[in-house]
Amino acid sequence: MSANLKAYAELKAQLPAGTTLVAVSKFQPNEAIESLYAAGHRDFGENRVQELAAKAAVLPKDIRWHMIGRIQTNKIREFAPFVHLVHSVDRVDVLTVLQKEALRAGRTIDILLQVHIAQEETKAGFSPAEVLGLCAVNVLHGYPNLRVVGLMGMASLTEDRDQIRSEFARLASLYRAAQEQLGVGQITVLSMGMSGDYDLALAEGGNHIRVGSLLFGARN
Ligand SMILES: *Cc1c(COP(=O)(O)O)cnc(C)c1O
């Protein structure tokens, strides 16, 4: 089972320089990942810890693994030693345990604060006000082994593209506010956009898009 290499090439050709494509490989077999790897791709995203750890154990070591799913604190130890970027830090408990496990693993972990921008209550994330509170420099000093490098968000599940775009625009403006507080050198990642809405995310300044089904086909 191969990834859709034609869709991959077409997508890559549309991305502005400096954009990172995170290929979301959740529920996909290792062969699909290997086919994109063979095409030169290195950034892959997973949303379940067990699957992430199992894949990382057997796939090439130079893959950059992005954790993008809801995090249970008792599972953090399984990915802390090797994860490249954690997109889905959505509550203070996760910060606390990630700090502990990063220290234990003897490394610094790059993280994004997930922001609740959708209308549904079910989507996780900090409120914009909470994000600004966390970006007050002194607060982050409490997590010396974590480096907040940006923000992540998911738009509402809706057909209304104007609404999706306005949610991305709100996240982008919060991103600029975070840059003002922590510095443009530190806050460099704006992770938004999936298969159905990455074009809107790019238009609003997103520089990490997380695309699954467009590259791999529908998930089972
Ligand atoms: C599954 C998932 C994606 C990718 O979704 P597609 O619609 O398949 O592109 C992106 N981000 C998160 C957080 C996801 O869980």
Query - Cα gyration tensor shape of the stretch 26-114, rounded if a/c is under 1.5, else prolate or oblate by comparing a/b with b/c - result: prolate
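What is the percent carbon and sulfur in the accessible area of the chain, measuring with a 1.4 Å probe over the protein chains and ignoring ligands? Kindly include the intermediate steps, with their values, before the conclusion.
Working: 5160 of 10100 Å².
Summing carbon and sulfur atoms, their accessible area is 51 percent of the total for the chain.
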Query raised in the report: For the chain, what does the alpha-carbon gyration tensor say about shape, rounded, prolate or oblate, given a ≥ b ≥ c as the root eigenvalues, a/c under 1.5 as rounded, and a/b over b/c as prolate?
Result: oblate
Report task. Could you work out how far apart the two model spin labels at A38 and D162 are, taking each label as a point 7 Å from the Cα in the direction of the beta carbon, and quote it in nm? Result -> 4.7
Query raised in the report: How much length is gained if the chain between A203 and H141 is pulled fully straight, taking 0.36 nm per residue apart and subtracting their Cα-Cα distance, in nm to one decimal?
Result: 19.0 nm
Query - Long-range HN-HN contacts of D90 with modeled amide H, under 5 Å - result: Q114
Report summary line: The answer for the net charge of residues other than L200 whose Cβ lies under 10 angstrom from its Cβ, with Lys and Arg +1 and Asp and Glu -1, is -3
Requested in this report: Provide the per residue accessible area, probe 1.4 Å, for the chain, rounded to a whole number of square angstrom.
Outcome: 46
Report task. Can you pull the one-decimal nm distance between simple spin-label points at K6 and R64, each 7 Å off the Cα toward Cβ? Result -> 2.9
Requested in this report: Report the one residue of L151, L15, I109 whose Cα lies farthest in the direction of the positive end of the charge dipole of the chain (charges on C-beta: Lys and Arg +1, Asp and Glu -1; origin at the Cα centre).
Outcome: I109
Report summary line: Over the chain, the sum of -39500 (n - 2.57) across DSSP H runs of at least four, divided by residue number and rounded to 500 deg cm²/dmol, gives at 222 nm -11500 deg cm²/dmol
Query - Within the chain: Cβ-based charge dipole about Cα centre, in debye rounded to nearest 20 (Lys, Arg +1; Asp, Glu -1) - result: 640
Requested in this report: Grab the Cα-Cα distance for S195 and Q72, subtract it from 0.36 nm times how many residues apart they are, and report the gain in nm with one decimal.
Outcome: 41.7 nm
**Report entry** Options V189, Y37, F126, ranked by Cα towards positive dipole end of the chain, top entry (Cβ charges)
**Finding:** Y37
Query raised in the report: Under a straight-distance cross-link criterion of Cα-Cα below 29 Å, which lysines are reachable from K75, leaving out those fewer than 8 residues away in the same chain?
Result: K26, K55, K61, K100, K123
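The values are calculated or read from the model by the stated rules, or taken from the named source; none is laboratory data. Keep in mind the model is a prediction, meaning the values are calculated, not measured. Cβ sites come from the backbone with ideal geometry, for glycine too, and all protein chains shown count toward neighbours. These area figures cover heavy atoms from the full protein model, side chains too; ligands, DNA and RNA do not enter into them. Shrake-Rupley method; radii C 1.70, N 1.55, O 1.52, S 1.80 Å.
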